[in-house]
Amino acid sequence: MDLSRHQSFLIGNYAPPAIEIVKGLGSKLWDKEGKEYLDFTSGIAVTNLGHSHPIWVRKVQQQTAQLAHCSNLFSIPEQVRLAERMIQKIGPGKMLFCNSGAEANEALIKLARLHGNGNQSDIPKRKILVAKNGFHGRTIGALSATESPKYRKGFEPLLNDFVFCRLNNTSDFESNIDEETCAVLIESIQGEGGLHVSTDEFLLELQSLCRKHGLLFLLDEVQAGIARTGEFLGYQKSGIQPDAIAMAKGLGGGFPIGAIWANEENASLFTPGSHGTTFGGSPLACSAAHAVLDIIEEEDLINRAQEMGNLLIDGLNRLTTEFPDCIAEVRGRGLMVGLQLKFDPTELIAQLRCNGLLSVGAGGQTLRLLPPLTVTEKEIEQCLIILQACLSKIDS
Ligand code: PLP
């Protein structure tokens, strides 16, 4: 690929890429030279149906021909119907649509502000408890909720409303609650932070803590959501019911869309003019999301993510036994899986790519595997064979 041309015209906010992708189908991607790759990144948990799923393609094409955009000045039937479908999957409440994960989290942060500013006492409640190692996006608000200096460097001072607490440590969260605290915001499974799973017990305890102190319980399901972990949303296994939830990534299957769900009480905190976005919930974005929901239902992708995820995790556990000097731990759930390595994963990711497997790094020396939910047994086997070969080379 012509890296110098790439670098001449594009701002260098991403690491220089090694390959140029021009085509995708199912779990496969092809570069400009025609080399085929097994895509275990899914555009970082976006193309959950695989690339160019025919039903998704048809629906997006049809909607483009009918009506792509018209603004929220008007009621959009696809948006109303999408909201209804999402509420059926999540619980009684209401939806608000936007365009990305960071934007969905911004809406949650604004909801927490409305909740905190509406309290009866004179003290403004603006503090939100978040987890160390979490990641919520790159806008100033979402970045303020993200602890890692890797993302914050150069942008400080950020909002000082966020208190970073240890994941799966309820007493750390509890000890940081004071009269200014208004909400808790966490991921059910930390993606960027290194595939750390919030335990069911911790989520239930956090929920009780929020109820006891009148805090909003906010979940960031941007990466773990939309069937990826073997539940429609990652937290649903634990039996909790948050007050509001951020979603994006997999919801559009490759077309940008973000969303929040809020329970009835908190949804009403937003009033006409209090929040908005030009593109959020356009007919085209909502049609893409309808296709995603249709295919998840028709192809039973929630169960499939569980089944294929178990297969992948079993195989990775076998590799952990075979390469104890390379792999420290396998973490994750469903098809959101990470291998904690005993070395920086950059070289392994490059070797896997040369051997036809695309993967992505995550915090704490973690190699992240996010295949499409339509991945086949054979493709998982292929992934394990490539990983085994590359680990053998590194191990020797
Ligand atoms: N929240 C989580 C949990 C994420 O993983 C991400 C992106 O990786 C975001 C928010 C930000 O989403 P976006 O990149 O769409 O703004």
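Just so you know, all these numbers are worked out from the coordinates, no wet-lab data involved. Computed from a prediction, not measured in an experiment: that's the story for all the values here. So basically every Cβ, Gly included, is an ideal-geometry build from the backbone, and we count neighbours across all protein chains shown.
For the chain, count all C-alpha to C-alpha pairs, find those more than 42 Å apart, and express that count as a whole percent of the total.
On the way: 8483 of 78210 pairs.
It works out to 11 percent of all Cα pairs.
Taking the inverse of the mean reciprocal distance over all distinct Cα pairs, the Kirkwood hydrodynamic radius of the stretch 31-169 comes to 19.0 Å. Label sites at His6 and Ala65, each approximated as a point 7 angstrom past Cα along Cα to Cβ, lie 3.6 nm apart. Excluding same-chain neighbours fewer than eight residues apart, the lysines reachable from Lys342 by a Cα-Cα span under 17 Å are Lys393. Taking a point 7 Å out from the Cα of Ser268 in the direction of its Cβ, the residues of the stretch 64-96 whose backbone N falls within less than 13 Å of it are 93-94.
In this model, which of Lys32/Lys59; Lys23/Lys110; Lys23/Lys249; Lys89/Lys132; Lys35/Lys59 are farther than 31 Å apart at the alpha-carbon? Show your work: numbers first, answer last.
Working: Lys32/Lys59 27 Å; Lys23/Lys110 39 Å; Lys23/Lys249 20 Å; Lys89/Lys132 29 Å; Lys35/Lys59 29 Å.
Where the Cα-Cα span goes over 31 Å, the pairs concerned are Lys23/Lys110.
Relative contact order for the chain using alpha-carbon pairs under 8 Å, separation at least 6, rounded to a whole percent?
Details: 790 pairs, mean separation 87.5, N = 396.
The value is 22 percent.
Look at Asp172, Asp161 and count the other Cβ atoms within 10 Å of each Cβ; fewest to most, that gives Asp172, Asp161. Once you reduce the stretch 173-215 and the stretch 130-159 to the center of their Cα atoms, the two points are 17 Å from each other. Rank Ala65, Ile226, Ser148 by how far each Cα sits towards the positive end of the charge dipole of the stretch 55-298 (+1 on Lys, Arg Cβ; -1 on Asp, Glu Cβ) and give me just the farthest. The listed residue farthest towards the positive side: Ala65.
Given a Förster distance of 45 Å, report the FRET efficiency between Ser392 and Arg211 from their Cβ-Cβ distance, rounded to the nearest 0.05. List each step's numbers first, then the result.
Details: r = 51 Å, r/R0 = 1.14.
Computed FRET efficiency for Ser392 and Arg211: 0.30.
Counting neighbouring beta carbons within 10 Å and listing from fewest to most, the residues Thr376, Thr47, Thr346 come out as Thr346, Thr376, Thr47.
Taking other Cβ within 10 Å of each residue's Cβ, how do Cys354, Cys326, Cys165, Cys98 sort, fewest first? Don't jump to the answer; show the numbers that get you there.
On the way: Cys354 13, Cys326 19, Cys165 23, Cys98 26.
If I rank by nearby Cβ atoms, fewest first, I get Cys354, Cys326, Cys165, Cys98.
Our estimate of slack between Glu179 and Cys354, defined as 0.36 nm per intervening residue step minus the Cα-Cα distance, is 57.6 nm. Exposed loop sites, defined as chymotrypsin sites (Phe, Trp or Tyr not before Pro) outside DSSP H, G, I, E and B with at most 13 other Cβ atoms within 10 Å, are absent from the longest region of the chain, namely 156-342. Amide H to amide H, with H built 1.01 Å from N, Leu215 comes under 5 Å of no residue 5 or more places away or on another chain. Enter the Cα centre distance for the pair the stretch 346-388 and the stretch 270-304, rounded to the nearest angstrom. If you average the Cα positions of each part, the centres end up 28 Å apart.
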